[in-house]
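Remarks on the structure that follows.
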Amino acid sequence: MGELADYLIHNDPSFSRSRLPARYSDFRSQRTLNPDGYQANISAWRQALSDLVAKGMISHRGSNPDHFILKLDDSLLRSLECKEFGLPLALGTVVRESTAGRDFIPLTDFEKSQQSIYQRSWAGLPWSVMSWTLQQLGVVDPSRGDDKLPTGQYVIVKNMEAAAKELGDLMADKVSRFDRVFSRAQFQKAFSAALVKDQRLTDTDLDVLLKFLSRDKEVIEYDGTTIRIKCSGEQGGITKDDAAIASLKELTESLKHQTDILNTRIDELSQTAKDAVTRKNRVSALAALKSKKIAETSLATRYATLNQLEEVAAKLEQAADNVQLVNVMEASSGALKSLNEQVGGTDRVDAVMDRIREQTTATDEISAIMAESTGQVVDEGALDDELEAMEAQEREKEEEKNKSKAAEEQKAREERETAEAQKKLDELPAVPADTEEIREKEKTPTAETGIANLAI
């Protein structure tokens, strides 16, 4: 069994054991006999191929796998071979359907096209319409003969759309022009490992993605060297300012890399000199110290240059932000002017307010006349008396409620005090029961002789 077939069986629900016979059969005849089943097979294979490409599982002759480009050849067929059902018999139809639906686009057509892939054309007609037309003309009968695989390289649109969405999420909070400008190398370093989960884009991936983002999605400006993520209100095309910002950022990054290397070199030379001193090798120690001194001088120069570049970068970023701020303020002033012109000035507003007051007065007069005509006059005093009576009744209810609540609280308090007093009484020692009994128990010599009972 091919390794890709084994992966699909164990990881893709659309390729469960029960569905394998349908997936690996020659289902071309179902186009007219069972359109739903036909489309289900096409969709399952198209999704499977897209996922395999995105995961980097389809490589070509040992090269690094692309994640946006599907390479179709006999080796792919062998990788998809199933032990029970053999090779997929309608994979060629899957590719042709996907190409007709603009889900797969031949790489050469994608690179040469001057218009967006989302613009409809003859190539984008549904395969059912195309095949019917070709059959009527007697050119081809797609349900007969072998389903030959159209070998070549195809761009997977779905995978690029997912990467474009991920880029948009990563750049959503980047409003400064300085943060949105990159050289090609900077863009590759920043995003090659961030746009496809657990994968790194190849150079070919980056080429087709940049063309897709600039031509089809229109979210970036790209001239082959400099890239700018678009923002509303900016002029089209890459400007000299963009090129200068990209060059400055690239040079700054290069200097930072050089300083890291020099710092490592200085640490190594210091250790070499110490080791030479330990071995009492004066010549080696002096040579290492001399090299260290040269490296330190070079490092100081790099840091000085880097500080200057960072100052320039800060000024450029501030200037770019100022330009954006002025553009926004200018647009806002134009909007305010347009709105004020629509209002018509203060004279028109005064006239409108006068008419409103006039019509309000007329409405009040009409309402008064209508009230008089009905003969019903509302006695405001009677309403006040009724309201006061209702409020007094409500106060009485509230007072009664409060008194009842206070009585309940007093009763509960008395019960608690009684219980506490009883508890204290219960804890006191018992009182002696009888004095005679005590005397009987406590006999003394005077008591026994009767002297204690004598009176003086």
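Values computed for the structure shown
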| read-out | value |
| --- | --- |
| Reachable aspartates and glutamates from K197, criterion Cα separation under 17 angstrom, eight or more residues apart if same chain | D51, D66, E161, E166, D169, D205 |
| Relative frequency of Cα-Cα separations exceeding 29 Å in segment 3-229, percent | 33 percent |
| Cα-based helix-to-principal-axis angle, 91-100 vs the chain, degrees rounded to 10 | 80 degrees |
| Segment H257-R357, length gained on full extension (0.36 nm per residue, minus Cα span) | 28.6 nm |
| P(r) of the chain over all Cα-Cα pairs, binned every 10 Å from zero, in whole percent | 3, 11, 12, 11, 10, 9, 8, 9, 10, 6, 3, 3, 3, 1, 0, 0 |
| Selection of trypsin sites (Lys or Arg not before Pro), segment 1-52, meeting DSSP coil and at most 12 other Cβ within 10 Å | R17 |
| Label-point gap, in nm, between E317 and R282 - each point 7 angstrom along Cα→Cβ | 5.2 nm |
| Percentage relative contact order, the chain, counting C-alpha pairs under 8 Å, at least six apart | 11 percent |
| Label-point separation, D198 to I9 (7 Å along Cα→Cβ), nm | 2.2 nm |
| Sequence of R177, R395 once ranked by neighbouring C-beta atoms within 10 Å, starting from the fewest | R395, R177 |
| H257, H67 arranged by Cβ crowding within 10 Å, fewest neighbours leading | H257, H67 |
| Label point at L325 placed 7 Å out along Cα→Cβ; residues across segment 172-196 whose backbone nitrogen lies under 14 Å | 176-177 |
| Per-residue ³J(HN,Hα) for segment 184-200, Karplus 6.51 cos²θ - 1.76 cosθ + 1.60, θ = phi - 60°, Hz, x for Gly and Pro | 4, 5, 5, 4, 5, 5, 6, 10, 4, 9, 10, 9, 10, 4, 6, 9, 10 |
| Taking V94, V277 and counting other C-beta atoms within 10 Å, the order from fewest to most | V277, V94 |
| Expected 222 nm ellipticity per residue - DSSP helices of 4 or more, -39500 (n - 2.57), all of the chain, to 500 | -21500 deg cm²/dmol |
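None of the figures in this text is laboratory data; all of them are computed from the coordinates on show. Please read all numbers here as calculations on a predicted model, not as lab measurements. Methodologically, a virtual Cβ is constructed for each residue, glycine included, from the backbone with ideal geometry; neighbour enumeration extends over all protein chains shown.
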